Amino acid sequence: MPSADYYTAVENAFAAWDQALASFGSQYGYPYLSQFSFSTSIVSAASTGYDITVEFTSATAVAGGEIGEALISYIGGTILSVKITLYLYVSGIGTLSPTDIYNIALHEIGHALGLNHAAQSTTTNGPEVMYPYYSFPGYAMSPTTLDAYALSEVYAWLSSGVYSTVAAQTVYLPSTIPYEEIQVSVTPLTPLYKVTVLSPVDLVVGAGLYPQGATVTLRVTRTVYVFNNGTRLVFAGWTGAINSTSPVVTVTVTGNMVIKAVWKKQYLVRVPTMFGVSCGKPGWYDPGSKVTFRVSKTVYVFSNGTRLVFQGWGGDVHSSATSITVVVEKPVTIYPVWRKQYLVEVETRYANANIRKEWVDAGKEVVVKLDNEVVNLGNGTRLVHVGWRGDVNATGPVLRVRVDRPLRVEPVWKKQYLVEVETGGLVEANINVTWADAGSRLLIFLRNETVNLGNGTRLVHVGWTGDVKSSNLTLVISVDRPIHVKPVWRREYLLKMSGVYVGLTAKSGWYPEGEKLAVKPLKTIVYHDNGTRHVFAGWLVDGRRVSNITLELPVDKPHVVKALWRTQYRTEVYLRDAQGRPLNFTAVISMNATTITLTPLNATGVWLDRGTWTIRVLNYTSPELVGGLGSMITGRKRVVVTETCRGDCGSLTIDKPGNHTVTLNIYNVTLRVEGPLGLPAPGLTVIIGGRKYISDLDGFLVQRLIDGGSHEAAVYLAGIKLGSAEVTINGSGETVVKTDVPVYPALASLALLAALAAARRLLPK
């Protein structure tokens, strides 16, 4: 059974929690924490009905393992009961002291009240009792303000009297409550006294709770503490319970002790750059100290085109004086302000620059430009300012540069040559007059390659002449000098061809002046599929008729040429008399200067020009029934004769291929001769149409074909012409030849004469 000291230690642990919660609640505004009150009982065996039971175990705890345990029973978020087990023995250490049991019980009771472990091992004045690892301090611990504040959150429902659970959470101590152990007045097993060290900086080691008679070493971890604001504290010694200037002292604890660490404040005077400063030094100075700073020169010129010009003092003190005295009442930063300048030089030959040689503040933008961007050198040559080179390379006439180093620049010139294209106002070129870069390649061409002068005449661009000669229409030149060029033109005339049924050796188009054309048709007869053909008939050149097949045509002016063709049709020609009966004929027909003879052999397949042909000569066969005196008794003869028509024998119109039938004014008539009384006049010889006929007893002369119209009939009797009669033929049938001579007396006289002649032949001689 454990000794009575262990039971007392556990009872004191409950009492410590009771006092700590009441003290914290009263001091920081959580009065409901005073409602906590623990009533303890010591029993020989475990029993029920208690909220918290504490048991001791004789088992040996493993060093580094658990030396106390709180087994908590929950329903929801409510603690029903807690069983605490405390180990009396630890391997490697042995039997725990009553003070250790007190401290372990204090920790486990914190779990029983609802606390978990604390993240920090110490407070400002002692250890944290809820830290998970026990360090065997050798003195009695007490609950901390963090532990009490956490329980004020868990048991906040006590202020209203209405029970509620709290979800598990992490609790942070408010900044208004110091993190420290809460002093309790329970009877400790070993008296403890508090050694308090007052210091503005946390650089003192050794303060805390110590048993009576303990020897404590107090020391500062460093004698100088530098703040980030240019202020520092220098350790000066100890006052209070002890007086010493040593940074390490030893004291014997006889009771509660208050010791003050004394520090001296100093301010830093910073001089970031000492360049040019001949008086004054940076460093730490006591408050009220005076420091004088001075520069000996106001301008420093360096060999690399850089200089520094003194502007004054900067930092916490501003002045343009070369010397200044500072009273140190706070951290001070002071430095000489130098304006850096760089030398900017502009070298130029052909024009003046706005800057030639000038010191310019570092970082300042400088604008450099020329008074003349174009320099004319004469002879079609000039220089154009296009940029800058040197320490800065740039394009464009104006150089804008931020000066961050010494600069030397010169203008960049581009040489250009004058290029002129002379077109004489006939046409526009893509370039008329321009300045082109030396060494560049230039493309020159005309907007129109052809100039129409009107009246069938034009000029065709064929090349270039001048400083550059070329037969190309587009001129590509390398510009290495001033250049003057003009286009070369070729004069051409328009040849208009018409009347073309077949290909010609030349066609309509433009031809160069001076060329000679030999124009002829590829065929002189062109056949078509419909019984039509065209026969080449010559040329009409500028209104002049040319009959040659090959036309020799010089190109010396515009020409209008028409190929002349005669349209011919393949025809079949048939001639018929007025009654529509076919004639067996030979005809000579003519149109214009063309004459053709038609016969029954070629009249059925002949090519004739389109138009109206005149039948100039017509020979046709005429079957005749010829009479004679007494033929009506002896019989009349049938003969075939050829009749001839000369002059205008009719016409033939050819307007299409195929058959063409011509009905002529030829009639089949029967001619009779009648005397004055309308009686037949037999025995008369009648010549009509070049043929001679003798009238029969009934006056019948002949049945024949004869041209229509008027015919002269000459009447003879016994070789004696009796007279003439006009016979009009205007139709087929019988036509009478009238004679005014009395036929019968004449016949009687002839008969008498004939009888006398016969009697005379009968008389003897």
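Just a few scattered comments:
- Top-ranked residue of region 150-167 - restricted to ones that are more than 15 Å from residue 79 (Cα to Cα) and touching a residue at least 24 places away in the same chain (Cβ under 8 Å), ranked as surrounded by the most Cβ atoms within 10 Å (Cβ to Cβ): 150
- If you go through region 523-545 and keep only what is of a type in the set (Lys, Arg), in a strand (DSSP E or B) and surrounded by fewer than 16 Cβ atoms within 10 Å (Cβ to Cβ), you end up with 544, 545.
- Residue count for region 549-569 satisfying the condition of being open to solvent by 50 Å² or more (accessible area, probe 1.4 Å), out of contact with any Leu (no Cβ under 6 Å at 6 or more places or on another chain) and within 28 Å of residue 656 (Cα to Cα): 2.
- Listed by first and then second residue, the pairs linking a residue in region 305-320 that is over 30 Å from residue 346 (Cβ atoms) to a residue that is polar (S, T, N, Q) and in a loop (DSSP other than H, G, I, E, B), with Cβ atoms under 9 Å apart and 6 or more places separating them unless they lie on different chains, are 312/320; 312/322; 313/320.
- Where strands (runs of 3 or more DSSP E) fall wholly inside region 575-616, the ranges with 3 or more residues that are within 16 Å of residue 664 (Cβ to Cβ) are 585-591.
- Which numbered condition residue 42 misses (of (1) assigned to a strand (DSSP E or B); (2) hydrophobic (A, V, I, L, M, F, W, C); (3) loosely packed, with under 13 Cβ neighbours inside 10 Å): (1)
- Residues that are loosely packed, with under 14 Cβ neighbours inside 10 Å, aliphatic (A, V, I, L, M) and either assigned to a strand (DSSP E or B) or without any contact (Cβ under 8 Å) to a residue 24 or more places away in the chain (or both), drawn from region 404-435: 433
- Within region 106-136, restricting attention to residues that are in a loop (DSSP other than H, G, I, E, B) and in contact (Cβ under 8 Å) with a residue 60 or more places away in the chain, the residue that is nearest to residue 55 (Cα to Cα) is 134.
- Scanning region 620-665 for residues that are part of a strand (DSSP E or B) and more than 30 Å from residue 531 (Cα to Cα) yields a count of 16.
- Condition check for residue 438: open to solvent by 30 Å² or more (accessible area, probe 1.4 Å) and within 22 Å of residue 482 (Cα to Cα): yes
- Out of 688, 666, 694, sole residue that is of a type in the set (Val, Ile, Thr) and closer than 22 Å to residue 576 by Cβ: 666
- When residue 27 is tested against (1) assigned to a helix (DSSP H, G or I); (2) open to solvent by 60 Å² or more (accessible area, probe 1.4 Å); (3) over 25 Å from residue 139 (Cβ atoms), just one condition goes unmet, and that condition is (3).
- Some residue of region 637-648 being open to solvent by less than 60 Å² (accessible area, probe 1.4 Å) and closer than 19 Å to residue 606 by Cα: no
- Single residue of 144, 170 found to be under 19 Å from residue 132 (Cβ atoms), of a type in the set (Val, Ile, Thr) and open to solvent by less than 80 Å² (accessible area, probe 1.4 Å): 144
- If you check 291, 337, 262, 309 for being under 30 Å from residue 366 (Cβ atoms), in contact with a Gly (Cβ under 6 Å, 6 or more places away or on another chain) and in a strand (DSSP E or B), only one passes: 337.
- Taking the listed residues 488, 460, 451, 479, the one that is open to solvent by 40 Å² or more (accessible area, probe 1.4 Å), under 30 Å from residue 421 (Cβ atoms) and in contact with a Phe, Trp or Tyr (Cβ under 9 Å, 6 or more places away or on another chain) is 488, with no other qualifying.
- Taking region 248-304 as the range and being among the small types (Gly, Ala, Ser), in contact (Cβ under 8 Å) with a residue 12 or more places away in the chain and open to solvent by 60 Å² or more (accessible area, probe 1.4 Å) as the test, the residues that pass are 278, 296.
- Among the candidates 66, 55, 11, residue that is closer than 30 Å to residue 166 by Cα, assigned to a loop (DSSP other than H, G, I, E, B) and not β-branched (Val, Ile, Thr): 66
- Output for region 570-590, where each listed residue is over 21 Å from residue 640 (Cα atoms) and open to solvent by less than 30 Å² (accessible area, probe 1.4 Å): 571, 573, 589, 590
- All positions within region 215-247 that are surrounded by fewer than 17 Cβ atoms within 10 Å (Cβ to Cβ) and outside any strand (DSSP E or B): 221, 222, 223, 227, 228, 229, 242, 243, 245, 246
The values are calculated or read from the model by the stated rules, or taken from the named source; none is laboratory data. Just so we're clear, the structure is a prediction, and the values are computed from it rather than from any experiment. As a convention, Cβ positions derive from the backbone with ideal geometry for all residues, glycine included, and neighbour counts pool all protein chains shown. Side chains are part of the model used for accessible areas, which takes the heavy atoms of the whole protein and leaves out ligands, DNA and RNA. Shrake-Rupley method; radii C 1.70, N 1.55, O 1.52, S 1.80 Å.
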